[in-house]
């Protein structure tokens with residue numbers, strides 16, 4: 001069962017392009033972090049069943065990266081990391097790693113690490129290992145959790161979003 005986000009403005013009824021533009025506008029110009037969080041979710045849904053080469057999928061992936069680089073709210077960035085993992089935007093592994101290592105928000109760091117774990121980003125395992133020495137207990141715990149999970153998952157095949165949602 002899919003989560004139904006409250007959509008008081010009926011954004012889901014817009015065309016994909018109109019919906020994307022609406023979400024982008026909110027994310028880049030609205031001061032209300034609860035509306036920005038909704039916009040991250042509504043934009044992420046656009047990429048739910050798209051193939052790797054779909055232009056809208058790439059636009060959504062790039063918007064999630066923009067959020068991680070530019071939003072000031074840890075909860076909004078947390079949701080962007082989740083959307084990256086849920087939609088398996090593997091090309092965004094470098095920004096997730098950057099957030100994991102350097103973001104000011106512990107919440108953002110935690111979710112970026114968790115997203116890397118969900119995506120089975122084994123290629124950054126050594127970098128995640130360095131986070132076991134982070135100042136934040138939450139970051140250390142998340143890194144340790146993901147590394148243990150990696151040990152179990154290495155022989156389970158490639159990740160697909162349906163495996164976690």
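Remarks
- Angle between the chain longest axis and helix 74-86 axis [Cα atoms, degrees, rounded to 10]: 80
- For the pair residue 58 and residue 32, the difference between a 0.36 nm per residue extended length and the Cα-Cα distance amounts to 6.8 nm.
- Relative to the longest principal axis of the Cα atoms of the chain, the long axis of helix 16-29 lies at roughly 70 degrees.
- As a size descriptor, the averaged projected area of the C-alpha convex hull of segment 11-154 was calculated at 8.3 nm².
- Crossing angle, helix 33-46 versus the chain [Cα axis fit, 0-90 degrees, rounded to tens]: 90
- Packing, as the average of other Cβ atoms within 10 Å across residues, places the peptides 99-111, 7-19, 46-58, 64-76 in the order 99-111, 64-76, 46-58, 7-19, highest first.
- Full extension of the chain between residue 98 and residue 66 yields a length gain of 10.2 nm, computed as 0.36 nm times the residue separation minus the alpha carbon distance.
- When shorter helices are ignored and each DSSP H run of at least 4 residues is given -39500 (n - 2.57), the per-residue value for the chain at 222 nm works out to -19500 deg cm²/dmol.
- With each label modelled as a point 7 angstrom along the Cα→C-beta vector, the residue 17-residue 126 pair spans 4.5 nm.
- Between segment 120-143 and segment 11-26, the Cα center-to-center distance that results, in Å: 35
- Sorted into 5 angstrom bins from 0, the C-alpha pair distances of segment 17-69 split as 4, 23, 34, 24, 11, 4, 1 percent.
- Mean separation of Cα contacts under 8 Å, 6 or more apart, over the residue count of the chain: relative contact order %: 16
- Going from the residue with the fewest nearby Cβ atoms within 10 Å to the one with the most, 123, 24 rank 123, 24.
- Label-to-label distance, nm, for residues given as residue 49 and residue 10 (7 Å Cα→Cβ offset): 2.2
Each reported figure results from applying straightforward, stated rules to the coordinates on display, with no laboratory input. Computed from a predicted model, the values in this text were never measured in an experiment. Positions of Cβ are generated from backbone atoms using ideal geometry, with glycine treated the same way; all protein chains shown enter the neighbour counts.
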